[in-house]
Structures are given as structure tokens and as C-alpha cells.
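This report refers to the structure that appears directly beneath it.
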């Protein structure tokens with residue numbers, strides 16, 4: 001019975017201690033406010049948190065108080081509530097910095113670095129990148145911006161996170177109308193066809209590296225991702241320009257008599273190959289033979305920088321693209 005009595009005494013002591021802690025001990029008698037709070041006074045921040053002197057530190061719901069600050073104070077970007085036992089509390093806030101214009105059908109949203117909507121404007125704020133094609137689900141000020149398209153949410157967060165961390169002011173617009181084919185326009189006249197939103201940070205860094213290459217610097221043109229680790233540059237939205245080479249002027253194609261070949265006409269050798277295949281004249285031709293013949297037929301024009309086929313499509317081989325050195329060339 002002594003063991004039972006001892007256990008009962010211990011439980012009573014613990015209960016009394018917990019009760020006292022949640023009622024008389026650890027009550028707040030000092031609240032400090034720090035951080036970038038130039039838009040609001042310390043009193044306004046404390047009031048928004050819903051915390052008062054005399055509240056108990058143990059009973060305090062810090063996460064709820066942080067969210068109340070963000071909801072009540074439009075230009076607060078982040079809020080952190082920390083208990084300082086036995087009787088103090090510290091609230092740390094950071095101010096919102098307008099960072100992006102998000103254009104949609106009826107207007108333009110002014111959005112912070114963390115994606116908080118600061119205003120629904122009828123105009124574009126100068127000096128900030130413009131995001132097109134995001135399709136916001138809610139345009140209310142104070143809300144975290146979200147898209148009707150889940151994939152666009154992921155793409156947008158990846159892009160603004162990368163640009164905010166780099167403090168990049170070189171980008172003028174980002175078109176997300178197709179989240180699988182994102183287009184980034186730089187202020188220097190370069191258009192970067194990024195592809196999908198995966199590895200955004202790597203792709204933007206790679207594009208910046210290519211733009212700083214001697215054969216690209218100072219030029220206007222197009223960058224395009226090739227695969228997941230290479231980036232090509234073109235002066236026009238046409239043939240690829242190899243690293244270290246300049247764009248050459250393409251002369252009109254002519255036949256053996258010097259007569260111009262109309263766009264879309266086929267090489268006679270290539271037509272013969274197709275005719276044999278269609279009429280089954282050469283029944284002994286293997287798949288490898290047909291492939292080699294076709295390649296020889298395609299090898300009909302060279303502008304000095306790259307091979308082209310008769311349809312004008314460039315051969316996107318490793319030699320005609322920029323490689324960051326971490327992957328072998330094809």
C-alpha cells in the first residue's frame with residue numbers, strides 16, 4: 001500500500017504543478033517586437049497578434065498568432081512568435097517587398113517576393129517582372145497567390161523563389177500560358193525557351209552562363225533548352241548557332257542548272273529512295289541500308305556552321321549546343 005500511496009502523492013504533485021504553470025506561472029509581462037516593422041508600430045503588431053500581457057506562455061498558440069499578424073497587416077511578409085521563459089515574448093516581423101506583376105484578364109496583381117498579393121491594380125508597376133498566363137484563383141489582397149492550375153502553382157513558386165534568391169532584375173516577362181513550355185524574356189533582348197518548370201534554378205543559371213559567353217554577349221536572339229543539361233543559342237528562331245561560331249547568311253538552294261529550288265521541293269536522290277521504298281522495287285534493301293540512304297540524301301546542304309535537312313530543321317546534336325561540362329557530348 002505504501003507504493004500506491006507514493007504514486008498517488010506523485011500524481012497529485014504533478015497535477016498541482018501543471019495547474020500552477022498554466023495559471024500563475026509563465027504569464028507574459030513583457031512583449032518585444034523586432035525586425036523590419038517600419039510600416040507598422042510595435043503596438044499595431046502586438047494588437048494584430050491577439051496576444052496580451054498576462055497571457056500564459058504555455059497556453060499560447062504561436063502559429064495562430066503568426067497567421068493573424070499576416071492576415072491583419074497587409075505589408076508584413078513573415079511573422080515569428082517566440083516564447084522567452086519565464087515571462088517574456090518576442091515577435092519578429094519582416095516587411096513585404098513588391099517583386100512581381102501578375103497579369104490576368106481583368107487586371108494586374110502586385111505580388112511580394114513570397115507570393116503575397118499586395119494589390120489588385122489596373123496598371124503594371126514599372127521595374128518589376130510581369131508574369132503572364134498564371135490564372136490566379138483568388139485576387140484578394142493579403143492572400144497568398146494560387147493558380148487554378150496546380151502545375152502552374154509549382155512553376156510560379158519555383159520561378160519567384162529562384163529570382164528572389166538571386167535578386168535578379170534582368171528579366172522583363174515570364175509567359176506561363178503553357179506550363180510545359182515556359183518562355184522567359186530578358187531585358188537584353190534574349191528570349192529563353194525554358195521548357196517545363198523542373199530544375200528552374202539550374203536552367204536559369206545555365207541560361208545566364210550562356211549569355212555571358214563571348215559568342216553570345218551583346219547579341220539578341222533565342223536560347224532553348226536541349227534535353228535537361230544543354231542550352232543552344234540562335235540569332236533567329238531558326239537554325240542553331242554552334243558555340244564559338246557566328247551566324248552565316250544562308251544562300252538560296254539551286255539545282256544542277258543553277259535554277260532556284262522552291263521551298264518544300266525534295267532532293268531527287270531522296271525522292272528516288274522514297275519511290276523505291278513505296279514501289280518495293282528493291283526488295284533486298286535492309287533497314288540499315290534505307291537509313292544510310294536517307295542520311296546521304298539529307299546531307300545536301302551545309303551553310304558552314306551546321307547540317308540541315310530539306311525541311312530546314314537543324315540537327316540539334318551536342319556539337320551545336322552549349323554544354324555545362326557535366327554531361328558527355330552526343
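Remarks
- The residues listed here are 123, 134; of these, the one that is outside any helix (DSSP H, G or I) and surrounded by 22 or more Cβ atoms within 10 Å (Cβ to Cβ) is 134.
- Identification of helices (runs of 4 or more DSSP H) wholly contained in segment 1-112 with 2 or more residues that are surrounded by fewer than 16 Cβ atoms within 10 Å (Cβ to Cβ), more than 41 Å from the chain's Cα centre (by Cα) and without any contact (Cβ under 8 Å) to a residue 60 or more places away in the chain yields 2-23.
- Some residue of segment 134-141 being over 30 Å from residue 48 (Cα atoms) and either under 11 Å from the mean Cα position of the chain (by Cα) or assigned by TED's automatic domain parsing to the domain that holds residue 105 (or both): yes
- Qualifying position, being over 25 Å from residue 69 (Cα atoms), exposed (fewer than 14 other Cβ atoms within 10 Å of the Cβ) and modelled with pLDDT under 95, among 162, 150: 150
- Failed condition for residue 179, given (1) touching a strand residue (DSSP E or B) at 6+ places or on another chain (Cβ under 7 Å); (2) outside any helix (DSSP H, G or I); (3) crowded, with 18+ Cβ neighbours inside 10 Å: (1)
- Whenever a residue of segment 197-219 is in contact (Cβ under 8 Å) with a residue 40 or more places away in the chain and at negative phi, its partners that are surrounded by fewer than 16 Cβ atoms within 10 Å (Cβ to Cβ) and assigned to a loop (DSSP other than H, G, I, E, B), lying with C-beta atoms within less than 8 angstrom and at least six residues away or across chains, give the pairs 204/168; 206/324; 209/324.
- Taking the criterion of being surrounded by 18 or more Cβ atoms within 10 Å (Cβ to Cβ) and touching a residue at least 24 places away in the same chain (Cβ under 8 Å), the residues of segment 182-192 that qualify are 182, 186, 190, 192.
The values are calculated or read from the model by the stated rules, or taken from the named source; none is laboratory data. Everything quoted here is computed from the prediction, not taken from an experiment. Don't worry about glycine lacking a Cβ; one is built from the backbone with ideal geometry, like all the others, and counts go over all protein chains shown.
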